[in-house]
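Contents: one structure, followed by commentary.
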Amino acid sequence: MFIGEYSHSIDNKGRMAVPVKFRKILKKGAIVTRGLDNCLFVYTQEEWKKMVEKISQLPLDQQKSRAFARLMLAGAMDVQLDFQGRILIPEYLRKFATIKKETIVAGLYSRLEIWDKNSWEKYQAATEKDSVKIAEELGV
């Protein structure tokens, strides 16, 4: 299970250290892909298979289904932890998420999200401001 927020930096080669807490979970490798809200999603191999299964069930005759499948699948990349516990995030994914140097890695149970630090702070401020309204609308 992934939970918590962690600050990390990306080096000039595009490598980012995975929080130590999550390295054992990702030791068999992971998938990083375009996420929603301009962040990146990171899945274990097992969770990625579940996601692909859901995506494969979407109706191909609907434009939004095809667009979502392309977003998630065409941008996906297998990554492996190196001996220092880092993953290489491809340039096209860093560009998509506007990640330059400082990142936030957020654990969301079955996946990690990687955010540009400034984008995360803006998103969090807006979400926290509306947290009561969001909770009420979701019935939480």
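The values are calculated or read from the model by the stated rules, or taken from the named source; none is laboratory data. All figures in this text were calculated on a predicted structure; none of them were measured in a lab. Counting neighbours? That spans all protein chains shown, and the Cβs are built from the backbone with ideal geometry, glycine included. Each accessible area value is taken on the protein alone, full model and side chains, heavy atoms only, with ligands, DNA and RNA left out. Shrake-Rupley method; radii C 1.70, N 1.55, O 1.52, S 1.80 Å.
In terms of the Cα gyration tensor, with a ≥ b ≥ c the square roots of its eigenvalues, is segment 58-140 rounded because a/c is under 1.5, prolate because a/b exceeds b/c, or oblate?
Oblate.
How much area per residue is accessible in the chain when the probe is 1.4 Å and only protein heavy atoms are counted (Å²)?
Ligands and nucleic acids excluded, the result is 63 Å² per residue.
Full extension from Glu102 to Asp82: what is 0.36 nm times the residue separation minus their Cα-Cα distance, to one decimal in nm?
Going from the current span to full extension adds 5.2 nm.
How big is the accessible area of Asp78 in square angstrom, nearest 10, if you roll a 1.4 angstrom probe over the protein chains?
100
If the elastic network links every pair of Cα atoms under 10 Å, which of Thr98, Thr127, Thr44 fluctuates the most in the Gaussian network model of the chain?
It is Thr127.
Over 21 Å between Cα atoms: which of Lys64/Lys122; Lys27/Lys100; Lys27/Lys49; Lys13/Lys100 fall into that group?
Lys64/Lys122; Lys27/Lys100
Can you pull the percent of segment 1-119's accessible area that's carbon plus sulfur, 1.4 Å probe, other chains left in place?
55
From the Cα trace of segment 1-125, what convex hull volume per residue do you get, rounded to a whole Å³?
Cα convex hull per residue, to the nearest whole number: 102 Å³.
Suppose we flag trypsin sites (Lys or Arg not before Pro) only when DSSP calls them loop and at most 16 other Cβ atoms lie within 10 Å. Which is the longest uninterrupted stretch of the chain?
Here the longest segment lacking exposed loop sites spans 29-99.
Express in whole angstrom the spacing between the alpha-carbon centres of segment 1-47 and segment 72-122.
One Cα centre to the other: 6 Å.
Using only helices, what value at 222 nm comes out for the chain when you add -39,500 (n - 2.57) per DSSP H run of length 4 or more and divide by the total residues, to the nearest 500 deg cm²/dmol?
-10000 deg cm²/dmol
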